[in-house]
Structures are given as C-alpha cells and as structure tokens.
Amino acid sequence: MKQSMKRSIKQILILSFLLILPIGHSVVYGQVKIQRQVNGTWYDLTTRSGSYPNYSYPPVTFASVAAAAAYSDRPYVNGTRSTNSGLQNNDRIVITDNDGTSETGPITISKTGIQITSSDGSPKTITATSGTYSNNCLLYINGGSVTIDGAITLNANASSLKNTQLSVVRLAGTSPSLTLSGTLTGGNTTGNSSLGGGITVGAGTATINGTIQNCSAQNGGGVYVAQAAMITVETVEGSDAKVQYNNADNGGGIYVAKGATANMTSGSIIGNTAANGGGAYLAAGDQTGHYDTHNGGKLNISGTAQIGGEGQGNTASSNGGGVYVAQAATITVEGSDAKVQYNNADNGGGLYIDTEWSENSLGAVTIKNNTAVNGGGIYLHQSYNTTFGAIKVISNHATKGGGIYADNWSGLTLDDENVSISKNTSSESGGGIFAKGGTHLKISNGTISENGCYETSGGSQGGGIYIDGGDITMNNAKISNNYLGKEDTGAEDSSRKGAGLFITGIGLNGDKIQANISGCTISGNKINYSSAANQYYYGGGIYVQYSTLKISDCTISENQSCKGGGVTVSGNATLIAEGTEDNKMTFTSNTAANNGGALWTEGSNDVAPTLTITGVTFSTNTSKGSGGAIDIHAVDAASEIMPPTTGSAAEIAVFATFVVTASALEE
C-alpha cells in the first residue's frame, strides 16, 4: 500500500513538473495528433499510456512534431507497436484545437506524403510567437513533401516578433514539394534578399491552390522561387488560388530568380505592391554576350489566370505593375481567358518587358484597364524579339502609349487576325501604340481601332499608332476609328497630327525611316475640332514627315481632318502610293474642313515632299477649301503623279499651281 502511494505521489510530481517545465515551447494540450493510415483507416499514434510521444514529453504541439519525429521509441498504431520511430512517410498531422494556438517552431519535415489537416474541417490557425526560428521559417520542408489542407492557416506573425528574416514556409534539400490549399500569412524577409515572405522555394516544387497574403520581402513578398526550382499557381475544385496583398522591393507577389520557373494556369495575383514587378518579377539571366542562354526567370501564363483585378490591381512605383521581365528572362502567355488587368506603374502598367535577345510570346491574352505614365498596357524596352498572337490590348491609359510603348530598338510583331489594340487612350501621343528609338514594328492582320489622344494644350499625335525613328511594316491590317481630341468639347490643342498613324523621325544613319503599308484598310479615323479654322490639324488617316511611306493596295476611306482628311505628307517626306491590277488602291469619302480632302502636302521651296502616285483611285473625297481630293501645297520637282484609275488628272502635272481642284479628280 505504501509502495503504491509512493508511486502515485511520484506520478503527480512528474506531471506537475511537466506542466511548468520551461522547454521553449508554448504548450497547448490536445492541439495536435499524429495519425497513420492502416488498411484505409486513420489511427492516432500512441504510447502504451495513450499519449504521444510518451510521458517524458509534454503533449504534442505543432512545433514539437519535430521532436516527435526524432523520438527513438516506437509508437503504437491501433494497439500494434510500429516498426519505426517518429514521423513516417504518408503520416498526417491533425490540428485539433484552435484556441490559444501559439508556436515557436519551426517544424522540420523530411518525410514524403505528409498532410497537415484539421480534425473536423473547421479553420485552424498556427501562429508563431517568441522563440528562435532556425532555417528562418515556421515550416521547414527539407527534402520531404507536404500538403496543407484548405482549413489550415500558418501565420509567421513576423511583425509582432520584429523578425525580418522569417518566411512562413521554406523548401530545401533534395526534391522537396509543397501543395498548399490553405493560407500562409504574416511572413517578413525584408532582411534577407534570398527569402520570400510567404514561401521560399529554395529547391523542388510548390503548387499553390490556396492563398498567400500579407507578407513582405526584399524579393518576392508572397513567393521567392530560387534557381532550378518551380512554382505553379492554379485553382482546383474547392479552392481559389490567390497571391494577394504582399509587398516587396522586387516582385510584390512572386519573384522568379535566374533559372527558375513559374507556371500560372488559373487563380489570381492581386493587390500586391513593389518598386518593380508589382505582381511578379522575372529576374535577369547571365548578362554576357547576347544573352543567348535565355536563362533568366521564366513565367508561363495560360488558362484563366489573372494578374490584377478590378479594385485589386498590382502596383509598381517604377516598372511593371503586373509583371516585370528583366534581361534574358522570358514570359509566355497563351490563354483566351487569361488577363493582365487594373495594374499601375510609371512604366508598363500591365507588363514591362526589358529582355534583350530573349524570345517572348504573348498569345490569346487580354491586357486591359492598366495605367502608366508610359505604356499603359505594355512597355517594351530593348525587347528585340517579342511576338503577339491573338492578343487583346483594351482600354489601357498612359501619357504616352496608352496600349503599348516600345523603345530602344525593340522588335514587336503582331501576327494574328484576332489581334486587337482598341479603346486605349493617351493624353499626349500614341493612343494605341507609341514606338520610338529604332523600334521595328511589324503588324500582320489584326485591328488597331478606337484608340485616341486628347491633349488639350501641348498637342497630340498618333491616335492609333505613333512611330518616331523606327520602321513599320503593315500587311492586311485595319486602322479604324481612332481619334485625336475629345469630340464636342470645344477644347483645342496647339496641333493634332495623324489620327490613324503618325510617322516621323530619322534612322540611325541619318536615313529616312521606312513605313511600308500593304493591303490595309485605314478608315474612320478623325481629328476632332470645334473650329475648321485651325490650321494645324493634319492627316485624319496618316501623317508622315521626314520619312518614306509606301502604301499599296490599301483602302483609305472616311477619315477626317482640317487638312489632309486621308493623308498629309510633310517636310521632306516621300510618299509612294500605288495600286495593282488585282488590288486597287483607293482614297474614298475622306473629308477636310479646309484643304485636301484625300491628300494634303506641306513644305517649302527648300524642304518639300516627294510624291509618286500610280494606279490610284480618288473618289467622293471632299473639302470645304481647295483640293477636294488633293491639295499640293508644296512638292519636290522629282514628284510624279500618273493618271488615277478614275477621273481626270489634267492639272496634276502643273506643279506650279500647287493645287489640284476637286473637279480634276472626282468621278
């Protein structure tokens, strides 16, 4: 009896000691169970006494699972002692209690197939408190594979801890993996440039089906993907993948390092902020030679993925509100329902692509409602090889380049009949596209329509396209219903030139830049005005100066300006307009409030344009002044105008008059 009493007293003393033992953990009894599946049924891991690991440990908390995994004794599973000690492959960690949850962590998992789940499906949160976090994270996956269920939230609580090197989750070791359906929050790695606030994918792969939010970092507020690692963002049934409301210097949502890859097939990156790459930042590759390796960060967007949303756009204080693509990095977008939208930056509200020698391809994606100073939708900087397929750039706004801004020898190809650059606006120039600095612009098929500029003080040019110092080639495209100036406002700019296209500039060697337009329709473009007396509104369809414009087999119709309703040729520019037997070149139903319903030339005896016009039909063009079809205000002596397909050209060759009357050309 005395011996039995002594044993009971000893057990009470041991229990009392354990309740107050300062072991470095904030103990929450009954919070976690470790379970193992046997023949399709999950069983708790227990010791002989029914508690796990055993009486010499406090009850298991989330953070002490690492201790449980290292425990040398073998637990019992459904009454049978296990052949192995600690956490094993395909076990699961069940969170049973959400009250008073507080962990010092981290938990380290090196086993595969580990699931972290809620005992009853209701939300459970693990929140970090005081303590030392080795490996700079709350959950450390070292070569293991982990699934975090949708009811689970891991909160690194870094701001309360005043810890600037604490990720929520970190992957390392050999081929680790994470599948996240739950939520990660509260990470802060602003003190370490190679750690992401929410997840640091240092190796292996991470699949985001859940949410990463309210984290911060130097690089990758939500996610940092290191070299050779990969992340996939996708919504699956029962979850909604989101990387949201994170911030960083670079890559507010996601930072993709050199040699790393990010795939996004669905879900959204929204409400993130950064200096560069509000939504995502693709880091530069090897910067030697001509960047032939193309080994910068890679981002592949497809399906229904969305970068930015209404009222939830990503923001960059410098470049790339949605995505920043650095030198030798690569972005590929292909998905008719994919969207880059409602983002904002100084340069490139939607996308900023700065990729010398890399190949970037944007397919059937919608870039819409983004804003910037330059390049509301897209900014291309020395991006030599960028191809747009069936892209839609819609309703973006900027000071210059409402839809697209390209400079510094960028090469842009729009090559699909479903390309649409429409309803974009700029306050100065290039409502649809602004291209300068040696940019090579090639447009095959597609439509540039309903874009406009509405500067009311300093002048505006190129409602559809503005190109300065670069080449442009267009085939079978439509440039329609673009405009300069807001309609019926009464406000007047100092000048408006080229509602459809504005072409100017000198090439690298001092040569005229080349503009070749074939088989295109240029129609319905308008320079709006409140007074027909304005002498500086030129070229409803096209305005060209200091350049060579060759147009063939095109329809130029129903364009409007004060002078040169269809086309204005200025300075020492050269115009070559020609039609073939099979494809007629026509100027039809263009109007000018003053002179030159179809065509107006301006210059002086010292600097005058050169015209070569053959096989061209002028019909039903009108002006309220001189030259219902053509008003040649000045022209170089080398000019040659052959008889048009219809009408009489008797007075065209008499250049001394400088004016060809309407009756000479109209049907």
Subject >> Boolean, GLY565 is of a type outside the set (S, T, N, Q) and within 21 Å of GLY519 (Cα to Cα) >> reply: yes
Original post:
So which of ILE551, ILE576, ILE556 is among the aliphatic types (A, V, I, L, M) and in contact with a Lys or Arg (Cβ under 8 Å, 6 or more places away or on another chain)?
Top reply: ILE576
Original post:
Counting just the residues of segment 575-628 that are among the hydroxyl-bearing types (Ser, Thr, Tyr) and within 15 Å of GLY539 (Cα to Cα), which one comes out least open to solvent (accessible area, probe 1.4 Å)?
Top reply: THR601
Original post:
If we scan segment 330-340, do we find a residue that is over 11 Å from the mean Cα position of the chain (by Cα) and under 26 Å from SER427 (Cα atoms)?
Top reply: no
Subject >> Residue in segment 328-342 that is of a type in the set (A, V, I, L, M, F, W, C), under 23 Å from MET230 (Cβ atoms) and at pLDDT 95 or above present >> reply: yes
Subject >> Selection within segment 306-327 - modelled with pLDDT of 95 or more, open to solvent by less than 30 Å² (accessible area, probe 1.4 Å) and either among the charged types (D, E, K, R) or assigned to a loop (DSSP other than H, G, I, E, B) (or both) >> reply: GLY308, GLY309, GLY313, ASN314, GLY320, GLY321, GLY322
**OP:** List the strands (runs of 3 or more DSSP E) that sit entirely inside segment 561-667 and contain at least 3 residues that are at pLDDT 85 or above and on the phi < 0 side of the Ramachandran plot.
**Re:** 567-570, 574-578, 585-588, 591-595, 599-602, 610-614, 616-619
Original post:
Looking at this structure, is THR489 surrounded by fewer than 19 Cβ atoms within 10 Å (Cβ to Cβ), at pLDDT below 95 and either over 15 Å from ASN590 (Cα atoms) or touching a His at 6+ places or on another chain (Cβ under 7 Å) (or both)?
Top reply: yes
**OP:** Taking TYR546 as meeting all but one of (1) at negative phi; (2) among the aromatic types (Phe, Trp, Tyr); (3) open to solvent by 10 Å² or more (accessible area, probe 1.4 Å), write down the number of the exception.
**Re:** (1)
**OP:** Please work out which one of (1) modelled with pLDDT of 95 or more; (2) of a type outside the set (S, T, N, Q); (3) outside any strand (DSSP E or B) is the condition ALA532 fails and give its number.
**Re:** (1)
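Could you tell me which residue of segment 367-391 is surrounded by the fewest Cβ atoms within 10 Å (Cβ to Cβ), considering only residues that are part of a strand (DSSP E or B) and modelled with pLDDT of 95 or more?
Taking the candidates together, the pick is VAL373.
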Original post:
Which residues, counting only those in segment 97-134, are at pLDDT 90 or above and polar (S, T, N, Q)?
Top reply: SER110, THR112, GLN115, THR117, SER118, SER122
**OP:** Quickly run through segment 120-166 and pick out the residues that are open to solvent by less than 50 Å² (accessible area, probe 1.4 Å), among the β-branched types (Val, Ile, Thr) and under 13 Å from ILE107 (Cα atoms).
**Re:** ILE126, THR127, ILE141, VAL146
Original post:
In segment 447-466, what residues are surrounded by 24 or more Cβ atoms within 10 Å (Cβ to Cβ) and over 21 Å from the mean Cα position of the chain (by Cα)?
Top reply: GLY452, CYS453, SER460, GLN461, GLY462, GLY463, GLY464, ILE465, TYR466
Original post:
Can GLY571 be described as of a type outside the set (D, E, K, R), within 26 Å of TYR529 (Cα to Cα) and surrounded by 24 or more Cβ atoms within 10 Å (Cβ to Cβ)?
Top reply: no
**OP:** Starting from residues that are of a type in the set (S, T, N, Q) and closer than 18 Å to THR610 by Cβ, keep the ones in segment 549-568 and report whichever is most open to solvent (accessible area, probe 1.4 Å).
**Re:** SER552
Subject >> Breaking point among (1) within 16 Å of ASP354 (Cβ to Cβ); (2) open to solvent by 30 Å² or more (accessible area, probe 1.4 Å), for GLY296 >> reply: (2)
Original post:
Could you say whether any residue in segment 496-516 is surrounded by fewer than 17 Cβ atoms within 10 Å (Cβ to Cβ) and either closer than 22 Å to THR620 by Cα or at pLDDT 95 or above (or both)?
Top reply: yes
Original post:
All but one of (1) over 24 Å from GLU310 (Cα atoms); (2) open to solvent by 30 Å² or more (accessible area, probe 1.4 Å); (3) touching a strand residue (DSSP E or B) at 6+ places or on another chain (Cβ under 6 Å); (4) not small (Gly, Ala, Ser) hold for VAL256; which doesn't?
Top reply: (2)
Original post:
Any residue at all in segment 427-434 that is in a strand (DSSP E or B) and within 19 Å of the chain's Cα centre (by Cα)?
Top reply: yes
Subject >> Residues that are surrounded by 22 or more Cβ atoms within 10 Å (Cβ to Cβ) and within 15 Å of LEU171 (Cβ to Cβ), drawn from segment 205-231 >> reply: ALA206, ILE208, ILE212, GLY220, GLY222, VAL223, TYR224, VAL225, ALA226, ALA229, ILE231
Subject >> Segments classed as strands (runs of 3 or more DSSP E), wholly inside segment 148-233, with at least 1 members that are closer than 23 Å to ASN314 by Cα, among the β-branched types (Val, Ile, Thr) and over 21 Å from the mean Cα position of the chain (by Cα) >> reply: 167-172, 183-185, 199-201
**OP:** Among the residues of segment 435-463, write down those that are under 14 Å from PHE502 (Cα atoms), part of a loop (DSSP other than H, G, I, E, B) and either among the acidic types (Asp, Glu) or touching a Leu at 6+ places or on another chain (Cβ under 6 Å) (or both).
**Re:** GLY463
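The values are calculated or read from the model by the stated rules, or taken from the named source; none is laboratory data. Keep in mind that this is a model prediction, so the values were computed, not measured. Backbone-built Cβ (ideal geometry, glycine too); neighbour counts: all protein chains shown. Areas reflect the complete protein model, heavy atoms only, side chains present, ligands, DNA and RNA absent. Shrake-Rupley method; radii C 1.70, N 1.55, O 1.52, S 1.80 Å.
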